[in-house]
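Everything below concerns the one structure shown next.
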Amino acid sequence: MILTVTLNPSIDISYPLEHLDVDNVNRVKTVSRTAGGKGLNVSRVAQALGEDIVATGFVGGNYGKELTALAEADGIESAFTEIAGSTRESIALLHDGGNQTEILEAGPTIEPEEKEAFLANFDELLADADVVALSGSLPQGLDPEFYSELIARCEAKGVKALLDTSNQALEASIRAEHKPFLIKPNDAELAALLGREINGTDELKEVLLSDELKGIECVIVSLGKDGAIGRIGDKCYKANIPTLDHVVNPVGSGDSTIAGFAVAIARGLSPEEVLTYGMTCGMLNAQEEKTGFINADNFSALHDQITIDKI
């Protein structure tokens, strides 16, 4: 089973507009409401590939009830920890031929007793998990070391933890005694994390093999349309991806990539297939209107166009 963790989920609201008229009334004909958050995007994609999924995190208030219902409507089994605060809303204005303007609420503050309730629930869920995907920002009330605490609990149970976050939470996890099994920064995030410039493939490979990232089994650096470069174990690989003729909605492609990695790791596939599954899912998401969604019927055709080189 793959356990996904979304600590600050949201009701994602999408308003499509032909044109955003600033400082004026804008009317929309259609509105979509989705159980949102990076981990829930991971859940939908991994489930589309046939994996057993359980989603956890914090939910509260009427929006929390709605989010749970929306997740269940997508077929996602959930085991959220309920809190006193209200789950947030996130608004995306889709306008003017592909532009996206987002309005994101901060979300609730997690109280100490709610944190402890979540940890107890998390420990129970770990008993059946093969892989845990930890995704997104931390809500107010949790310190940057919280992911490190979850990773330590995963390690104690022999469960592989995949971490997709940024800034202080990512840095704390890299410096901690118990490391995530996989991280997926882009090149700019990795450079900022290590406090150095990274120019070109050779320098990136040098960084991936450096002692600064020792203890993390998989470090995969996204290069956008140029694919990815990753170190898995002590070997480095370059994933080469085809050019997509038709990109509909790239939002959520990073989460979909994590889902592909999680599925391949849960199935015990080779390093090359871990990279290929991730790249395939990221591209499949970009071809769909719905965020964090893939058409699994197209998986094999796209998978077979990806090549992996040892570097």
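How much length would be gained if the chain were fully extended between Gln140 and Glu82, taking 0.36 nm per residue of separation minus their Cα-Cα distance, in nm to one decimal?
On the way: separation 58, 0.36 × 58 = 20.88 nm, distance 1.53 nm.
Full extension from Gln140 to Glu82 adds 19.4 nm.
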Q. Projected onto the charge dipole of the chain (+1 at Lys/Arg Cβ, -1 at Asp/Glu Cβ, origin at the Cα centre), which of Thr201, Tyr15, Ile91 gives the Cα projection farthest towards the positive end?
A. Thr201
Q.
Apply the a/c threshold of 1.5 to the C-alpha gyration tensor of the range 39-96 and tell me whether it is rounded, prolate or oblate.
A. oblate
Q | Interchain or long-range residues, amide H under 5 Å from Ala228's placed H | A | Leu223, Ala239
Q: Identify the GluC sites (Glu not before Pro) of the range 273-311 meeting these criteria: DSSP loop state and at most 11 other C-beta atoms within 10 Å of the C-beta.
A: Glu289
Q.
Run the simple label-point estimate for Asp202 and Asn99 please: 7 Å along Cα→C-beta, distance reported in nm.
A. 4.3 nm
**Q.** Calculated [θ] (222 nm, deg cm²/dmol) that DSSP helices of n ≥ 4 give over the chain, each run adding -39,500 (n - 2.57)
**A.** -11000 deg cm²/dmol
Q | Accessible surface of Asp12 - all protein chains present, 1.4 Å probe, nearest 10 Å² | A | 50 Å²
**Q.** Among Ala48, Ala176, Ala301, residue whose mean-square fluctuation peaks in a GNM of the chain (springs only between Cα atoms under 10 Å)
**A.** Ala301
**Q.** Label point distance in nm, Leu269-Asn240, each placed 7 Å from Cα along Cα→Cβ
**A.** 2.0 nm
Q: Report the residue, chosen from Ala161, Ala92, Ala152, that carries the largest GNM mean-square fluctuation when the chain is represented by alpha-carbon nodes joined by springs under 10 Å.
A: Ala92
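Please give the contour-minus-distance gain from Leu119 to Leu194: 0.36 nm per residue of separation, less the Cα-Cα distance, rounded to one decimal in nm.
On the way: separation 75, 0.36 × 75 = 27.00 nm, distance 3.00 nm.
Net length gain for the segment: 24.0 nm.
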Q. Taking amide hydrogens as modeled 1.01 Å from N in the peptide plane, which residues meet the under 5 Å criterion relative to Glu89, leaving out close sequence neighbours?
A. Ile11, Glu105
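Counting alpha carbon pairs within less than 8 Å and at least 6 residues apart, what relative contact order, in whole percent, applies to the chain? Intermediate results must be reported in sequence, preceding the final value.
On the way: 665 pairs, mean separation 51.4, N = 311.
The normalised contact order for the chain reaches 17 percent.
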Q | J(HN,Hα) series, the range 19-32, from Karplus relation 6.51 cos²θ - 1.76 cosθ + 1.60, nearest Hz, glycine and proline x | A | 8, 8, 9, 5, 6, 8, 7, 10, 10, 10, 8, 10, 9, 10
Q) What lysines could a cross-link reach from Lys290, if we take a straight Cα to Cα line under 24 Å and drop same-chain neighbours fewer than 8 places away? A) Lys29, Lys38, Lys65, Lys184, Lys225
Q: With a point put 7 Å past each Cα toward its Cβ, work out how far Leu209 is from Thr307 in nm, to one decimal.
A: 2.3 nm
(Q) Check which residues have an amide H placed less than 5 Å from Cys236's amide H, if you skip close sequence neighbours. (A) Ile311
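With a ≥ b ≥ c taken as the square roots of the eigenvalues of the C-alpha gyration tensor of the range 85-214, please select rounded if a/c is under 1.5 and otherwise prolate if a/b is larger than b/c or oblate if it is not? It would help to have the intermediate numbers written out before the result.
Details: a/c = 2.02, a/b = 1.07, b/c = 1.89.
It is oblate, given that a/c is not under 1.5 and a/b is not larger than b/c.
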(Q) Using each residue's phi in the range 92-103, evaluate 6.51 cos²θ - 1.76 cosθ + 1.60 at θ = phi - 60° and report the 3J(HN,Hα) Karplus result to the nearest Hz, with x for Gly and Pro. (A) 10, 9, 9, 8, 6, x, x, 6, 9, 10, 10, 10
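Classify the range 215-284 as rounded, prolate or oblate, taking a ≥ b ≥ c as the square roots of the eigenvalues of its Cα gyration tensor: rounded when a/c is under 1.5, otherwise prolate if a/b is larger than b/c and oblate if not.
Here the range 215-284 falls in the prolate category.
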Q: Enter the accessible area of Ile13 (Å², nearest 10), with the probe set to 1.4 Å and all protein chains included.
A: 10 Å²
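For the range 177-231, which semi-axes, largest first and in whole Å, follow from the square roots of 5 times the eigenvalues of its Cα gyration tensor? Walk me through the intermediate numbers first.
Working: eigenvalues 59, 33, 20 Å².
The answer is 17, 13, 10 Å, longest axis first.
The values are calculated or read from the model by the stated rules, or taken from the named source; none is laboratory data. The model shown is predicted, which means the values in this text are computed figures rather than measured ones. Here Cβ is always computed from backbone atoms with ideal geometry, including for glycine, and neighbour counts include all displayed protein chains. Surface areas here come from the heavy atoms of the whole protein model, side chains and all, with no ligands, DNA or RNA. Shrake-Rupley method; radii C 1.70, N 1.55, O 1.52, S 1.80 Å.
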